[in-house]
Amino acid sequence: MWNTGMPLAGADGVESAPQVGSGRPWMARGKAGTSPEQPPAKTRAIAALVALAAGVLPVAAYGYTFFSGIANYDYNATIDYGDGPKVLTAAEAARWDSSVWPRGDSLEWMVAEGPWTEPYRDIWHETHDSPFRSVQEVVDLMAEALEVWEAVESADIRWEVNGARAVPGAVLDGRNTMSVRPDDPDDPPGTGRASQAFLWASRNVSGSWAITECDVWFPMRHAASFATDDNDSLRTAIHEFGHCLGLNHPASHDEWRHWGAVNPVGVYGPTPVMSYGWSRTNELSQDDIAGASLLRPAPGTAPAPGSIAGELTLAGEPARYVYVFASRLDEGSLRGGVGAFSAEDGRFVVEGLAPGDYLLRAQPILSGAITGGGACAWLLEGQATLDVRDLLRLDPVTVSPGGVSSAGVMELQPGRTGSPRLAQ
């Protein structure tokens, strides 16, 4: 998924806009995803655009569990880079405005009418019949994708699709919409548009970003996959709706496996829906569940989740943007995995952990995330620490309900070798 403009709590302005797919954040001004009419001078708003290039990037390690916005669009601010790379805790994450989506209420969605039932051209310029006989089929499938998030018992997530309407998609109009667009026939064969989630937010009285609207649109080739019998047929939609919750891209749990492996699931379980991992399933990972539950915790959730805090160093210096997985020990086996990147100072906090004993594993950002159009390419500007070996901490860390457990300082070793997916 290419990060193309995310709301960072406390940031103003945007970076100037490179082309989509460059791996750098951007915000299209006056194009799809921005309001056709600018708000009044006292209104400050941003739009976040997050794209999924399905099947293009085999690994993920974009970065942070939550939105905070490395680049914003503020209608009244000068163009700026915002806060730059920043690792967030749940307390700093952008959340939905409680007046727009109160706790215990349902967030309403609608399908924007469009070419859902028309023939479409794929990225190879071949024409296919539409898999949808009616827009109602699309409504039902979108409801099914939303239900995946609703099923998280530890999160207060309720949303519903109220049919299809002749309304515009991806514009700031107070409606949360799902829309479809054909690929551009002028695109070179083998390329095409990505699915995108547009997050709209404004400053609240505390100075944090409060989400007020989300619009999602899909290229027809992605929409067509929803009607198939594949195990991951709804994964793209589920992913984009996760962005609408306020979730960003974590690392892929299985990225230590060879990129050509089929349906790899390592000891950390399936890769997060929010990542670029290879797992072919609509199932949420523990990382997805933890992130959603931290953003919108269900009332009375027990036991309270805990956290693990620590520090990564290399030759005594902070190890930046190295990913740390926390996997729970359960009767001698590792169950799932929740991760977090170390910050600029090498410190990390893995949140949303059920009480128990955890093993920690650290690994650097890998090549699929930092080269070409990789989702984490811009982290290189933050001098991400790359030449480090994986580290497995064999001394378990015990997490207590609602507590913060210390992992102390974990010293990493240089000398990355052995994987075709590693940064050179």
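Key figures
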item: For residue 107, distant residues with modelled amide H under 5 Å away; result: 158, 159, 160
item: At R0 = 45 Å, FRET efficiency that the Cβ-Cβ distance of residue 205 and residue 126 yields, to 0.05; result: 0.30
item: Rounded accessible area of residue 135 (nearest 10 Å², 1.4 Å probe); result: 40
item: Length released on extending from residue 357 to residue 231, taking residue separation times 0.36 nm less the Cα-Cα span; result: 42.2 nm
item: Difference of contour (0.36 nm per residue) and Cα-Cα distance, residue 191 to residue 91; result: 32.2 nm
item: Residue-by-residue Karplus 3J(HN,Hα) for segment 228-240, coefficients 6.51, -1.76, 1.60, Hz, glycine and proline x; result: 8, 9, 5, 5, 10, 4, 9, 4, 4, 5, 4, 4, 5
item: Chymotrypsin sites (Phe, Trp or Tyr not before Pro) within segment 112-155: DSSP coil, no more than 11 neighbouring Cβ in 10 Å; result: 124
item: Full-extension gain in nm, residue 302 to residue 333, via 0.36 nm per residue minus C-alpha separation; result: 8.8 nm
item: Dimensionless Rg over Rh [segment 140-184; C-alpha; Kirkwood]; result: 1.04
item: Hull-based mean projected area of segment 125-254, where the convex hull spans the alpha carbons, in square nanometres; result: 10.8
item: Local net charge near residue 95, Cβ-Cβ under 12 Å (Lys/Arg +1, Asp/Glu -1); result: -1
item: Simple label model, 7 Å out from Cα along Cβ direction - residue 317 to residue 151, nm; result: 4.7
item: Sequence-distant residues sharing a close amide H with residue 296 (under 5 Å, placed H); result: 156
item: Counted charge near residue 175, where neighbours are those whose Cβ lies closer than 9 Å (Asp, Glu -1; Lys, Arg +1); result: -3
item: Charge tally in the Cβ shell below 15 Å around residue 299, where Lys, Arg are +1 and Asp, Glu are -1, residue 299 excluded; result: 0
item: For segment 328-342, Karplus couplings with θ = phi - 60° (6.51, -1.76, 1.60), whole Hz, Gly/Pro x; result: 7, 7, 9, 6, x, 10, 8, 10, x, x, 10, x, 7, 7, 6
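The values are calculated or read from the model by the stated rules, or taken from the named source; none is laboratory data. All values derive from a computational prediction rather than experimental measurement. Cβ coordinates were reconstructed from backbone atoms using ideal geometry, including for glycine residues, and neighbour counts include every protein chain displayed. Only protein heavy atoms, including side chains, enter the accessible area calculation; ligands, DNA and RNA are left aside. Shrake-Rupley method; radii C 1.70, N 1.55, O 1.52, S 1.80 Å.
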